[in-house]
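The values are calculated or read from the model by the stated rules, or taken from the named source; none is laboratory data. Keep in mind it's a predicted model, so treat the numbers as computed, not measured. Using ideal geometry, Cβ is built from the backbone for each residue, glycine included, and neighbour counts are taken over all protein chains shown.
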Amino acid sequence: MSEPATTEPTLQECYEAALAALTPKQARFVEEYLVCLNATEAARRAGYADPNRNASRLTVNNGIQAAISAGFALRAMTADEVLARLADQARGS
């Protein structure tokens, strides 16, 4: 009998699972960080009382690091996408 096929989770599923493991405020921090790429600003937008102090504490949290990495992977362009966009720009289209 053949083994059932196991499927790898998608990048979206990995990102959602990483966010689900965080508190709502931590998840908001991750989402804001992926927009602005500034930990202090992301902490401020997420509603932390002392963004300067909390930003450094948040960025060393393993769960938050995993969620940020998954978010970057989800948003990253492939090399083919980069080349296609550059080619479009070179053609002026």
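Things to note:
A quick yes/no check of all residues on (1) within 18 Å of Glu13 (Cβ to Cβ); (2) of a type in the set (Phe, Trp, Tyr); (3) modelled with pLDDT under 95:
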{"site": "Tyr33", "(1), (2), (3)": "no, yes, no"}
{"site": "Asn38", "(1), (2), (3)": "no, no, no"}
{"site": "Tyr48", "(1), (2), (3)": "no, yes, no"}
{"site": "Thr78", "(1), (2), (3)": "no, no, yes"}
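- Tallying residues that are surrounded by 10 or more Cβ atoms within 10 Å (Cβ to Cβ) and in a helix (DSSP H, G or I) within segment 36-93 yields 39.
- Selected residue [touching a residue at least 40 places away in the same chain (Cβ under 8 Å) and either aromatic (Phe, Trp, Tyr) or over 13 Å from Gln65 (Cβ atoms) (or both)] from Cys14, Cys36: Cys14
- Counting only residues that are assigned to a helix (DSSP H, G or I) and polar (S, T, N, Q), segment 3-35 holds 2 of them.
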